[in-house]
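The values are calculated or read from the model by the stated rules, or taken from the named source; none is laboratory data. Keep in mind the model is a prediction, meaning the values are calculated, not measured. FYI the Cβ positions are ideal-geometry reconstructions off the backbone, even for glycines, and counts take in every protein chain you see. The accessibility values were calculated without ligands, DNA or RNA, using every heavy atom of the protein model including side chains. Shrake-Rupley method; radii C 1.70, N 1.55, O 1.52, S 1.80 Å.
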Amino acid sequence: MIGLTDRIEQHDKAEAPIIPETYIYLLALQSLNAVASGIHSAARTPSETLSGMAESAWPALLAALSFTMATNLSDTLFAEVLSALQDFTIACNSLSLYMPRNAFLNTLGRYAVPPPVVSAMQTYLETGAGRKDSVISSDGLAAALGGRPVPSLSERNLACLKSTVTTAKYLAGDLDTAWHDVLEVLQNAVFMLGAKRPSVTRRGTAVSASPRIGSSPLRTRDSIDEPRSEVFEGIDNEEISIAINVLFDSSTQMDDKAFTTFLSALCQLSSEMIGSNTGYVGQMEAPETPKSLTFPMSPSPDNRRRTSGITISSSAKSGEKSFSLGKLRIVGMLNLNRLVNKDPEVGWDILTRHLLSIARDGNAPSTVRVQASETLGDILLGSLRAKDDRIQPLVFAVLGKQVDVHPISNLISTDYDVRSAGYHTLNQILESSGHSLQVGWTTIFGMLNAVCHTRSQLDPPNRQSASTRGDANLVRIAFPSLNLICTDFLSSLDHDAMRQCITCLGHFGRQREDVNITLSAIGLMWNVSDAVQADSKDLWLELLLQLLDLGRDPRVEVTSTAMQTLYKCIELYGGNLSTELWEEVWWKVVSPLLETSKGEPLVLALTSTGSIFNRFADKLADLKTFDKVFSTMLARIEQAFDTVDRNSTIASLKALESILQAKSDRTGVWETYIHMGESIKAKEGYTQESLLAFVRIAALLHDQVDLNIDRQVQLSEVLQTTMTYSTSPEYRPDVDVMSPLQKAVFDLLSTSSKLSPSLVLSDLATFSLLAYGNTGPVPKGRPSHVAVSKACMPAMSQFLRRGKAQQLDNETILQVLKAYKMPIRLRYGCPPSCRFHDDPPLWRTVGLRLW
């Protein structure tokens, strides 16, 4: 008891502790924090009184708390102030005080990622100090920054960033226009957290918006030993990045109105950061804020570097991505069901219009335009996988605008990248969802047609040169989609879609960028020909007309392939055609092709048309215009033969042979043949092969035509003209063996049972003298007719021995004797004065005795 009393007395005698002069500031700060926390606690049950208190208190609280945040507080006090700011922000939202809420939220964002720090980092990166391949010391780095340390975020910056993210997530459904400023803070934070920094040997001091004031009365000596507040937990880069990602993931939990606002703010940020003039759906004006409390967090593109501290320059490096576009992709993919199932105004229109506007904005950086295109493709592809037919028209409407053929800008390579991304997306859509497409075929074929359109004549020459390369690549990228449709989805196409498919194949067939694709497109027409047979005959005619157009292509391989496919279609399906459709096929397809073809195409047209005439003679004979069909066909055959061209003449004769085999009207064929014989008489250059084919036709006519005396004479003249033709480009030796042409003519005459004996003997006699008509050596490359003469002499004798002599007229007997006279005279040397030489009656007497 005595000891206790002594100690009390000693304590009473001790001097009281000295109270620091700054203690009153500490009490004031803690009081302000208590006011903010108290209003936050009471805001759980909002009232008009509480709202009035908060509305009166917020300007002073904001000024005081933001001032103290900039001082060198102890960690404990900093944590209290930060908590007070966060609590009051949430309280204002609960009390529907949105202007104060936005002001406090902006303050958090300003201290989370200070614009000067962001600006310093971008300056550092743009000056080359942060290049990956640069090796720089800490001294050199500081020199590059004007003596300042490496830009970075301090612990307190990160604590404010964590608080901003937490608050934004808590208030996500009510932030409305404040989302823009929050998203901008997050954009800057991601930029700072992801910036590449070189490794240096000396630790730099972080640039912060909170200056270090060592003499601050609010930082006590003992505060260094205080335990760390929980506000400093979870603030490393990885955890902060995860928290930011979670914030965007939480967009799925927003109601439609909040989601629309959030998406609009993200699109607005995207447009501002690239300086785009394109608008976007859902843009809203922010509420007015007193000038004294306005924080420049939503600047125009012109002063973005000064205020926000970050920009994407028009010369963006390859690989540089847009934060907002990246997040738009994440948000869009997470909310696909909302985009697909809700009214388009909720999100679909906002998102797709913005991505389209960026992709087709010639002033946007190339990397950003490509990123927007790729993002758009992911959204469209994912939307169709939702299996909702209502989204299909919207998807293809957007995709059609992405690949619009009209020039976008002067950035040729980027325009190509944007359009090619759209065609890649189309191909992926067809591969994954083509079987379930109910609409969109019109747009699809329109997109594919667009890639084959010629460039505008208004394009400058340098653009045309670059576009040519891009067009060729786009054709190669787009064609697989058409190939997929024609191999897998023809059964899904209705009548109109099938017509568009045929037209599209024609466009790809006519494009000049890649001939292999042209040939492949023609091959696909063969696939389509089978499908349209079960649908409509007019579609089949449309297919033939497309092939007809390709059959006139100046490229030989294209013309040949198209014509072969066309005639193959007619030969395969012609038996199913009605008389009316045959009329159209002949006059709209076959006849024009015959009339306009030249060279090799003409050869194919003649032989194929002859084959068709042969195969479908009965159907053609039923046509009302058959007489005209037949006469025009014969006229074209005669015209082709008259060209003397080797291939054309042989083709015309093959066509004529096909007509004869079809047992058509022989009178018209006979007249045509005789006219062709007149061409042989009048023109030089017919080959032995052509003449041989001509004789084969004579044999057919000999067997099939009723040969009156006039026709016998005409045939004899034609055969004589053919046998004596001497202006072919080449001849076979004919001294020992007759040439094929000579043998064909000889066999036809010597074996004929329809020609008169006088006519046969007269021609044989004429042919036997051909070898004696040469007064000198036979010119090289010309027929000698020696073998012909050798064959005709015994042939005449055998003919007479068959009892034909009594049917001969005097003129024929004289011709025969003349034929024998020449070799006899040469053999026995009969002088010119010999009576046998000059006395025709004697010739007859001798000849009859000989036979």
(request) Find the percent of Cα-Cα distances in the stretch 595-654 that exceed 17 Å, and round it to a whole number. (result) 36 percent
(request) Please work out how much length the chain gains when fully extended from ASP404 to TYR772, using 0.36 nm per residue of separation minus the C-alpha to C-alpha distance, in nm with one decimal. (result) 124.5 nm
(message) Between ASP710 and SER753, what's the calculated FRET efficiency when r is the beta-carbon distance and R0 is 22 Å? Round to 0.05.
(response) 0.75
(request) Take the alpha carbon gyration tensor of the stretch 498-622, find the square roots of its eigenvalues, order them as a ≥ b ≥ c, and report rounded if a/c is under 1.5; if not, report prolate when a/b exceeds b/c, else oblate. (result) oblate
(request) For LYS619 and GLU238, calculate 0.36 nm times their separation in residues minus their Cα-Cα distance, and state this gained length in nm to one decimal. (result) 129.0 nm
(request) Determine the sum of side-chain charges near SER739: Lys and Arg each +1, Asp and Glu each -1, restricted to other residues whose C-beta is under 14 angstrom from that of SER739. (result) -1
(message) Students often forget the sequence filter, so: which aspartates and glutamates lie under 12 Å Cα-Cα from LYS619 once same-chain residues fewer than 8 apart are removed?
(response) GLU580, GLU583
(request) Provide the three semi-axes, in whole Å and in decreasing order, of the ellipsoid equivalent to the stretch 535-585 as defined by the square roots of 5 times the Cα gyration tensor eigenvalues. (result) 22, 11, 8
(message) Just to be sure I understand the model, the point goes 7 Å from the Cα along the line to the Cβ. What's the resulting ASN72 to GLU571 distance in nm?
(response) 9.8 nm
(request) With a ≥ b ≥ c taken as the square roots of the eigenvalues of the C-alpha gyration tensor of the stretch 341-433, please select rounded if a/c is under 1.5 and otherwise prolate if a/b is larger than b/c or oblate if it is not? (result) prolate
(request) Give the carbon-plus-sulfur fraction of the accessible surface of the stretch 653-789 in %, rounded to a whole number; probe 1.4 Å, heavy atoms of protein chains only. (result) 51 percent
(request) Report the FRET efficiency, 1/(1 + (r/R0)^6), for ARG385 and GLU345, where r is their Cβ-Cβ distance and R0 is 22 Å, rounded to 0.05. (result) 0.50
(message) Whole percent per 10 Å bin, from 0 to the bin with the longest distance: what is P(r) over all C-alpha pairs of the stretch 554-712?
(response) 10, 41, 34, 13, 1, 0
(request) For GLU55 and ALA472, compute 0.36 nm times the residue count separating them, minus their Cα-Cα distance, and round to one decimal in nm. (result) 143.6 nm
(request) State the percent of C-alpha pairs, over all pairs in the stretch 473-525, separated by a distance greater than 12 angstrom. (result) 61 percent
(request) Starting from the Cα of THR442, step 7 Å along the direction of its Cβ; do the same at MET333; then give the gap between the two resulting points in nm. (result) 3.4 nm
